[in-house]
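For reference, the structure is listed below as C-alpha cells.
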Amino acid sequence: MELDRDNISRLREMIEGEPCKITVVSHTNPDGDAIGSSLAWAHFLRTLGHTVECVVPNRYPYFLEWMPSIETLRIFKDDRNGETAAFISGSEIIFCLDFNCIARLEGLSEVILSNTTAKFVLVDHHLDPPQEYDLVFSHPECSSTSFLVYKMIEKLGGTASITKEMGESLFVGIMTDTGNFAFSNLTSDLFETVASLVRLGVDIPYVHSMVYNSFTVDRVKLLGYALNKMETIHAHGVGVAYITLLESELRRFHFQQGDSEGFVNYPLTVKDLQMSVIFIQTRNFIRVSLRSRGDVDVSRFAKIYFEGGGHRNASGGKSYKSMPETVAYFRKCVEEYFADGPR
C-alpha cells in the first residue's frame, strides 16, 4: 500500500510543529480496529509532545479491557461533567479513525462539528468518504485502519518509533478486522507488517487468546441460541442466511457490549451460503450487520436498502421498522437485489 507523499508532507507539517491539543475519535460501538488504531495513533502523537485524548461515543467490548493504555480512553456517553466535550471543543486537530461520516456519531457528532477552527483529518478504510475533511487518508483497499496507521507512523517516524505497546494495539486491529487473516486484502505488505510487530515482541498467541478466549458463559449460550434461530433463503442462485435477536432475548442472556461480535460470520461457514445478515434490536432501531463472500456486494445492498454501507464483503445499516416488518422487507429486497444473479 502506497501513501500519498503530499498527504504525508501535509500531515508532517501539521503534527511536527508546536505542541497542541488533539482529539482522536472513533466510531459508535468501537471494535478492535477502532480501539487499536486510536490508542496507537494517540501514543505516537504524545511522543511528539501533543496533549491527546482518545474519545469513543460509547463503551468498548469487555474482551478488550486488557489492552495497553485503554484506561486513557474517554467514553463520551459517560461525560457527566462535560470535560470531554470541552476538550474536543478546544482541540486544534481532530483525527477521525475507522469511520468516515461524522454525522453518524449521534450526540458526539454535534460536539465535534461545533468546533469550527480545528483541522479535521480522516484516517479510514471504508468506501465513499464525504468531502468534510482538511486532510484525507482514505484507503478502501486496506484491510484495517490499524494497518493504515502502522504505515503512516512508519513514514513519519520510522519503525523505531513503534513500541511494543503500540504494536499490541495495532495487531488487535489487524487481527480482528481481517477475521484472523481470512478476509480479503491480505497482501504480502500486511504480513511483513505483522512480522515486524512480532520482532517488537508482540505475543500473537497471547493477544489472540485475550480477544477470542475471554468470553462469558452467557455469550457462548447466546451464540448457540442465535445460530439455532438462523433462517436461509435461496434467491436466484444465491444462498442467504439471516438471524434476528430481540432486546428481550439479549436481556435473557445478560447481553454486554460486544457479545454479538462475529455472530454474523458463522453462517458463511456453510458452503452454499454467500451472504449473512444479523438483525439486532436496540431501543431506537434495529442494527443490521451484513457479511458476504465472493462476488456478493453487501456494501451496495446496505446502501440501497438500509441507509448504510461499508466494505464490499462487510457492511452495516439500520432499520426503523419492527422486527417482523424488517424481516419481511429484507426478504423482498433479497429477491429484488439478486433477480439478475449475484452482484
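The values are calculated or read from the model by the stated rules, or taken from the named source; none is laboratory data. Keep in mind the model is a prediction, meaning the values are calculated, not measured. Counting neighbours? That spans all protein chains shown, and the Cβs are built from the backbone with ideal geometry, glycine included. Surface accessibility is based on the protein's heavy atoms, side chains included, excluding ligands, DNA and RNA. Shrake-Rupley method; radii C 1.70, N 1.55, O 1.52, S 1.80 Å.
Only residues that are out of contact with any strand residue (DSSP E or B) (no Cβ under 6 Å at 6 or more places or on another chain) and either modelled with pLDDT under 95 or β-branched (Val, Ile, Thr) (or both): list them for the stretch 217-233, please. Even if it seems obvious, please write down each step before you answer.
If we filter the stretch 217-233 for residues that are out of contact with any strand residue (DSSP E or B) (no Cβ under 6 Å at 6 or more places or on another chain), which is where we start, we get 217-225, 227-228.
Matches in the stretch 217-233: Val217, Val220.
From the set of residues in the stretch 70-81 that are part of a loop (DSSP other than H, G, I, E, B) and at pLDDT below 95, which is nearest to Asn213 (Cα to Cα)? Steps first, answer last, please.
Applying the first criterion (part of a loop (DSSP other than H, G, I, E, B)) to the stretch 70-81 yields 73, 79-81.
Retained after the next criterion (residues that are at pLDDT below 95): 79-81.
On the way: Asp79: 31, Arg80: 33, Asn81: 36 Å.
Taking the candidates together, the pick is Asp79.
Considering the stretch 1-42 alone, what residues qualify as being part of a loop (DSSP other than H, G, I, E, B) and farther than 30 Å from Val288 by Cβ? Give the steps one after another, and end with the answer.
As a first pass, look at the stretch 1-42 and keep what is part of a loop (DSSP other than H, G, I, E, B): 1-4, 16-20, 26-31.
Of everything in the stretch 1-42, those that are part of a loop (DSSP other than H, G, I, E, B) and farther than 30 Å from Val288 by Cβ turn out to be Glu2, Leu3, Asp4, Glu16, Gly17, Glu18, Pro19, Cys20.
What pairs can you find where one residue is in the stretch 203-216 and in a helix (DSSP H, G or I), the other is among the acidic types (Asp, Glu), and their Cβ atoms are less than 9 Å apart, with a gap of 6+ or different chains?
What qualifies is Tyr206/Glu168; Val207/Glu168.
Which one of these does Leu250 not meet: (1) touching a Lys or Arg at 6+ places or on another chain (Cβ under 9 Å); (2) more than 26 Å from Asp124 (Cα to Cα)?
Result: Leu250 passes all but (1).
Exactly one of these conditions fails for Ala86: (1) open to solvent by less than 40 Å² (accessible area, probe 1.4 Å); (2) in a helix (DSSP H, G or I); (3) out of contact with any strand residue (DSSP E or B) (no Cβ under 6 Å at 6 or more places or on another chain); (4) over 25 Å from His139 (Cα atoms). Give me its number.
The one condition Ala86 does not meet is (1).
Would you confirm, using the coordinates I've provided, whether Lys332 is modelled with pLDDT of 95 or more, of a type in the set (Lys, Arg) and assigned to a loop (DSSP other than H, G, I, E, B)?
Values: modelled with pLDDT of 95 or more: yes; of a type in the set (Lys, Arg): yes; assigned to a loop (DSSP other than H, G, I, E, B): no.
The answer is no for Lys332.
Pull up the stretch 249-265, narrow it to residues that are open to solvent by 60 Å² or more (accessible area, probe 1.4 Å) and more than 21 Å from the chain's Cα centre (by Cα), then point me to the one that is farthest from Val334 (Cα to Cα).
His254
Can you find even one residue in the stretch 197-218 that is under 22 Å from Asp4 (Cβ atoms), surrounded by fewer than 19 Cβ atoms within 10 Å (Cβ to Cβ) and among the hydrophobic types (A, V, I, L, M, F, W, C)? Walk me through how you get there before you give the answer.
Step one: filter the stretch 197-218 for residues under 22 Å from Asp4 (Cβ atoms), giving none.
No, the conditions are met nowhere in the stretch 197-218.
Say whether the condition of being of a type in the set (A, V, I, L, M), outside any helix (DSSP H, G or I) and either without any contact (Cβ under 8 Å) to a residue 12 or more places away in the chain or open to solvent by 40 Å² or more (accessible area, probe 1.4 Å) (or both) is met by at least one residue in the stretch 238-248.
Within the stretch 238-248, the subset of a type in the set (A, V, I, L, M) is 238, 240-241, 243, 245-246.
Right, trim to outside any helix (DSSP H, G or I) and you get 238, 240-241, 243, 245-246.
If we keep only those that are either without any contact (Cβ under 8 Å) to a residue 12 or more places away in the chain or open to solvent by 40 Å² or more (accessible area, probe 1.4 Å) (or both) as well, we get 246.
Yes, the conditions are met somewhere in the stretch 238-248.
Could you list, in sequence order, the residues of the stretch 89-107 that are over 19 Å from the mean Cα position of the chain (by Cα) and either surrounded by fewer than 19 Cβ atoms within 10 Å (Cβ to Cβ) or modelled with pLDDT under 95 (or both)?
Narrowing the stretch 89-107 to residues over 19 Å from the mean Cα position of the chain (by Cα): 89-93.
The answer is Ser89, Gly90, Glu92.
What number of residues within the stretch 128-173 satisfy the criterion of being in a helix (DSSP H, G or I) and either surrounded by fewer than 24 Cβ atoms within 10 Å (Cβ to Cβ) or aromatic (Phe, Trp, Tyr) (or both)?
Residues of the stretch 128-173 that are in a helix (DSSP H, G or I), as a first pass: 145-157, 159-161, 164-173.
Next, only the ones that are either surrounded by fewer than 24 Cβ atoms within 10 Å (Cβ to Cβ) or aromatic (Phe, Trp, Tyr) (or both) stay: 147, 150-157, 159-161, 164-165, 171.
Total satisfying the criteria: 15.
State all residues of the stretch 281-329 that are in contact with a helix residue (DSSP H, G or I) (Cβ under 8 Å, 6 or more places away or on another chain), outside any helix (DSSP H, G or I) and among the hydrophobic types (A, V, I, L, M, F, W, C); if no residue qualifies, say none.
Let us first name the residues in the stretch 281-329 that are in contact with a helix residue (DSSP H, G or I) (Cβ under 8 Å, 6 or more places away or on another chain), namely 281-283, 286, 288-293, 301, 304-305, 308-317, 319, 321, 329.
Checking which are outside any helix (DSSP H, G or I) leaves us with 281-283, 286, 288-293, 308-317, 319, 321.
Answer for the stretch 281-329, where residues must be in contact with a helix residue (DSSP H, G or I) (Cβ under 8 Å, 6 or more places away or on another chain), outside any helix (DSSP H, G or I) and among the hydrophobic types (A, V, I, L, M, F, W, C): Ile286, Val288, Leu290, Ala314.
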